[in-house]
1. Applying the selection to segment 68-82, what residues are of a type in the set (Gly, Ala, Ser) and in contact (Cβ under 8 Å) with a residue 12 or more places away in the chain?
2. Working only within segment 36-68, note down all residues that are over 17 Å from the mean Cα position of the chain (by Cα) and surrounded by 21 or more Cβ atoms within 10 Å (Cβ to Cβ).
3. Step by step: first the residues of segment 105-129, then only those that are among the small types (Gly, Ala, Ser), in contact (Cβ under 8 Å) with a residue 40 or more places away in the chain and closer than 14 Å to residue 71 by Cα, then the one that is surrounded by the most Cβ atoms within 10 Å (Cβ to Cβ). Which residue is that?
Amino acid sequence: MVAGLQAPLLAVAVISVAVFATVASGASYTVGEPGGGSWDLRTNLTAWASSIDFSPGDRLVFRYNASAHDVVEVTRDGYLSCSAASPVAAALRTGRDTVQLGGTGSRYFICGVPGHCGAGMKLEGRVSDAGCTKTLPPPAPPGAPSSGVRLCSGGPPTVIMTPGVVSYGAGAAPGSSASINSLLGTMVSLLLVGLITV
């Protein structure tokens with residue numbers, strides 16, 4: 001009987017990890033928004049990028065007129081000189097491109113159409129893990145505000161457990177990421193207890 005529980009418990013573990021990885025992934029930012037901006041000559045891309053604290057795992061979504069622009073990731077030197085001669089990756093040209101920001105440091109993007117970078121179509125995204133954590137905070141007392149801690153990607157967070165409680169944020173509304181994470185944490189804990197006793 002106990003051996004027959006291993007397959008269902010393993011299935012629950014795989015599903016839980018897949019759902020948790022999706023919930024804990026980074027944020028998505030459409031370049032230039034809010035305010036109707038986009039990857040174009042009218043949007044102040046430098047001001048936009050400097051207003052956001054990017055974290056590892058975040059995604060940049062470039063929306064633009066594909067017949068007039070492209071997106072080229074370049075080195076710092078390429079960014080400063082507005083040169084797409086030595087790109088870091090192949091130019092993106094669909095009009096709706098997504099780039100995931102992994103690791104920390106700066107990433108540089110320019111429009112490779114002559115004159116566009118010099119006219120302001122360039123973006124430096126500074127990626128830092130200062131505003132996120134891989135360790136979840138201990139549970140807050142009932143009614144206390146949530147911690148506002150942001151999870152970084154790059155592996156599952158460390159779960160801080162107290163007797164009988166797995167906390168992923170206090171005051172989570174049903175269906176919210178925090179309540180889903182709490183449910184998943186409980187499921188994973190029960191699964192691990194089940195596997196250990198099997």
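Read-outs: derived from the displayed coordinates by stated rules, not from any lab. From a predicted model like this one, the values you see are computed outputs, not experimental measurements. Every residue, glycine among them, receives a Cβ derived from its backbone with ideal geometry; neighbour counts consider all protein chains shown.
1. Selection gives 68, 78.
2. Result: 39, 45, 64.
3. For segment 105-129, the residue satisfying everything is 112.
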